[in-house]
1. Quick one: net charge of Tyr41's neighbours, Cβ under 14 Å, K/R +1, D/E -1?
2. Of Gln70, Thr91, Phe48, which is farthest towards the positive pole of the chain's charge dipole, taken about the Cα centre with +1 and -1 on the beta-carbons of Lys, Arg and Asp, Glu respectively?
3. Would you work out the charge dipole size for the chain about its Cα centre, treating the Cβ of every Lys and Arg as +1 and the Cβ of every Asp and Glu as -1, and quote it to the nearest 20 debye?
4. Please report, for the Cα atoms of the chain, the Rg to one decimal and the Dmax as a whole number; what are they, in angstrom?
5. For the chain, find the longest principal axis of its Cα atoms and tell me its angle to the long axis of helix 2-20, 0 to 90°, nearest 10.
Amino acid sequence: AMEGHRETGKKEKKKLELESMSPATKLLEKRRLMYEEQEKYESNKDEFKRKEELFKNKEAELIKLDLSLQNHMIGFSNILQENERKKAKATNKINTEMNLITEKDAELKRK
């Protein structure tokens, strides 16, 4: 509460100072305040640009990482599909050989 009261006191003091100044001095004081505000604005603008640049760099890194992950997933998916194809081929071969063995066995039993 004291901090806010102190700020109000400073504002009142400035107001009184401005009222007791000559018009030329008031103009110079207002111009000085305007330059201070301009400097703050420029400083904030520079800080914003710096943060925007950091953000864009981070975004580019994430896009690169995302594309890399997508490529790895595609490669992994291709490997899984190839393994499934090989498994199906091996299963068919086993079934064919089992059928041949069963036929030969039945043929031998008939003789």
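All of the numbers you see were taken from the coordinates with simple rules; none came from a lab. Remember, it's a predicted structure, so these values are computed and weren't measured experimentally. In this analysis, Cβ positions are derived from the backbone assuming ideal geometry, glycine residues included, and neighbour counts consider all displayed protein chains.
1. It works out to a net charge of -3.
2. The Cα lying farthest towards the positive end belongs to Thr91.
3. 400 debye
4. 41.3, 132
5. 50 degrees
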